[in-house]
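Scroll down for the structure; my scribbles are underneath it.
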Amino acid sequence: MPLASAAPALLGTTCIDQQGDIIASIPLQGGRFACQSVLKITEAGQYVIDFKNTSTIARFQHEITLENSPQLAATQGKNPPADLAAESVRPDQALAQSPHKKQQPIVLTGGLSSTAHNPFMLRHGRIVSLQPGSYRLVTWLQSPYYLAAPSLAVSELASYQQQSNVSAATSLLLLGILLGLFSYYAILGSLPGHLTERMYAIFIFGNLLFHAAAMGVFNQFFHWHWFYLTGLPLLIANLAYVNFICHLLGINQFHRPRLYQLSLIASSLLIALIVLGMIFPDWMLEMSRLGIVIFLAFGLLCGLRLSAQRQIIAQLYLLTTIGFGILGMMAVNAANASQHIFSIEQLGLFAVTVHAILLAILVAYKHSRLHHEKEQLLLELQNTRSLALNDRLTGIPNRHALENKLLKLPQHGCLMFLDMDNLKHVNDQFGHETGDTLLKLFSQILSQKLSEHGQLYRLGGDEFAILCHEDDVEWCQHQLEYTHLQLHKEGFSGVGASMGIVFAHEASSTEALLRIADKRMYENKRTRKNRKEMMQVLHP
């Protein structure tokens with residue numbers, strides 16, 4: 001027999017509400033409902049009854065009654081939970097009774113608020129062993145709200161196990177990714193000035209709580225059976241997302257005030273939805289859906305507006321938002337398909353996780369750009385400072401740099417003023433280009449010779465200065481003489497420098513120090529000039 005003909009089949013499913021009225025589909029606003037189906041089994045074996053498109057169900061109870069087969073067995077059977085049995089539609093009141101009144105029905109219970117054991121990870125599947133035949137399946141449902149209208153499905157055990165293993169492993173992996181992102185950005189957001197990361201962490205945490213509760217993680221791992229207000233974290237996450245967009249795209253009352261006003265409107269609407277969700281908990285998921293529409297609309301509008309201004313962060317954010325919207329629509333359409341490997345909660349978790357990963361990449365990219373821009377600004381600042389403190393022609397520190405150093409000159413420091421001889425003569429005879437060459441050559445030779453014993457500064461024109469330790473004065477004088485000799489070898493004969501020396505302890509202020517050094521330098525210049533003239537008289 002082909003496998004298709006051996007597959008179990010559910011026929012003629014009819015649902016009624018607690019007033020006994022037949023309904024086309026179970027509304028998302030929650031309530032108590034009963035559905036009756038005919039279950040056809042062609043081969044004996046173990047089968048699994050589950051809801052193919054959603055896991056957000058507080059309590060359910062399946063009752064299987066034999067229609068035309070003498071044998072029936074199940075892996076588990078319990079009486080209905082007291083609150084469900086007392087408040088639900090009774091089968092003998094609303095649905096036709098089985099003619100086999102003496103046949104004991106199989107009762108299978110479960111749900112997010114139920115303490116019944118779950119044989120499958122993050123699923124509501126219940127195992128039952130059936131012989132070939134026709135059965136009546138009555139399912140009672142009770143939940144404050146539904147993420148999607150529950151739809152029954154029956155599968156062979158082996159096929160269902162394979163599917164449930166794949167879906168459970170995928171769901172746990174996605175939840176682990178969200179948990180990792182939340183932990184990282186929660187720590188980063190706790191630091192001052194990281195509001196973007198803080199809002200992003202709240203957004204992830206709200207989605208993490210909701211999906212973990214809706215898929216039964218808290219029920220299965222922590223025995224938490226209450227989920228009445230689990231839609232609230234999702235509403236808070238929506239509010240945090242609007243603030244995240246503002247911080248990510250730089251929207252505030254001073255920068256892009258119109259978009260900022262729009263963010264206030266969106267935030268006000270989301271706060272109103274939170275209040276309404278607390279007042280009407282059965283409508284909380286509907287409020288959350290509307291909240292998603294609000295923050296997506298706000299994000300798209302901001303992304304389009306700022307992308308038109310060619311802002312790369314806004315353009316990348318717009319792509320992630322469009323991708324999230326596409327994944328969300330695909331999740332809704334896939335949940336309504338005939339397959340039931342993944343529920344709408346799991347598909348929604350996939351869409352949220354992909355969006356969260358893309359946003360994390362975007363936040364990291366923004367930080368990278370900010371870090372790069374900061375480095376560029378620091379480099380420009382350093383270049384500006386270098387230009388401000390260094391002489392353009394010679395490359396050595398200038399007068400401004402000298403004055404800054406003099407403010408911190410120690411008591412054992414020494415200032416030496418230098419004034420080059422015959423620079424004007426070189427400029428007049430050979431041109432200013434040759435004069436500039438002389439200045440650069442003088443600075444280069446003397447700076448290299450001074451090494452760590454002193455620092456050469458150019459004050460302007462033909463004036464220079466040296467800062468050194470008082471013990472290095474004689475060393476610096478020798479290096480100046482060496483520089484004179486080197487300049488002569490380069491063809492600059494008759495070039496030298498007059499020197500004025502003053503020690504730090506001789507003056508109480510920077511101005512007095514400069515004044516003394518300048519005075520002594522000119523005294524040295526006159527002395528050298530008189531000596532030169534005397535030599536010319538003695539050796540004409």
Calculated semi-axes √(5λ) of the Cα gyration tensor in Å (choose from (1) 92, 22, 19; (2) 55, 28, 21; (3) 77, 31, 23), label: (1)
Estimated distance in nm for a label pair at Asn118 and Val354, the labels positioned 7 Å out from Cα along Cα-to-Cβ: 2.5 nm
10 Å Cβ shell holding at most 16 others, DSSP loop, trypsin sites (Lys or Arg not before Pro): longest site-free stretch of the chain: 103-309
Sequence ranges 354-360, 228-234, 212-218, ranked by mean other-Cβ count within 10 angstrom, highest first: 212-218, 228-234, 354-360
Cβ-placed point charges (K, R +1; D, E -1), dipole of region 332-481 about Cα centre in debye, nearest 20: 900 debye
Paired Rg and Dmax values of region 109-220, which use every Cα atom, in angstrom: 18.8, 68
When region 461-506 is reduced to its Cα atoms, the Kirkwood hydrodynamic radius in Å: 12.0 Å
Filter on Lys449/Lys489; Lys408/Lys525; Lys489/Lys529; Lys374/Lys440 - keep pairs with C-alpha separation over 25 Å: Lys408/Lys525; Lys374/Lys440
The chain: Cys lacking any partner C-beta under 4.7 angstrom: Cys246, Cys302, Cys414, Cys468, Cys476
Kirkwood-based Rg to Rh ratio, region 200-296, C-alpha trace: 1.06
Integer Hz, Karplus 6.51/-1.76/1.60 couplings in order for region 462-477, x for Gly and Pro: 9, 9, 9, 8, 10, 10, 7, 6, 4, 6, 9, 4, 5, 4, 5, 4
Cα coordinate range in region 253-318, projected on the principal axes (Å, largest first): 44, 23, 11
Under the Karplus curve 6.51 cos²θ - 1.76 cosθ + 1.60, θ = phi - 60°, whole-Hz ³J(HN,Hα) for region 287-293, x wherever Gly or Pro sits: 5, 5, 4, 5, x, 5, 4
Hz values of 3J(HN,Hα) by residue in region 489-494 - Karplus curve (6.51, -1.76, 1.60), Gly and Pro given as x: 5, 7, x, 9, 6, x
Residues with amide H under 5 Å from that of Ile23, placed H, sequence gap 5 or more: Cys15, Ile16, Asp17
The chain, accessible surface, carbon-and-sulfur percent (1.4 angstrom probe): 59 percent
Rh (Kirkwood; distinct C-alpha pairs) - region 383-540, Å: 16.2 Å
Accessible surface of Tyr160 - all protein chains present, 1.4 Å probe, nearest 10 Å²: 0 Å²
Charged-residue dipole, Cβ positions (Lys, Arg, Asp, Glu), the chain about Cα centre, Debye nearest 20: 660 debye
Area accessible to solvent at Cys476, 1.4 Å probe radius, in Å²: 0 Å²
Cα long-axis angle, helix 344-389 against the chain (0 to 90 degrees, to the nearest 10): 10 degrees
The chain, relative contact order in percent, only Cα pairs under 8 angstrom and at least six apart counted: 12 percent
Environment charge of Tyr160, counting only residues whose C-beta is closer than 9 Å and scoring Lys/Arg +1, Asp/Glu -1: -1
Residue-normalised accessible area of the chain, expressed per residue, 1.4 Å probe, Å²: 50 Å²
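The values are calculated or read from the model by the stated rules, or taken from the named source; none is laboratory data. Here the structure is a predicted model, which means the values were calculated and not measured. Please note: Cβ atoms are built from the backbone with ideal geometry, for glycine as well, and neighbour counts cover all protein chains shown. All accessible areas refer to the heavy atoms of the entire protein, side chains included, with ligands and DNA or RNA removed. Shrake-Rupley method; radii C 1.70, N 1.55, O 1.52, S 1.80 Å.
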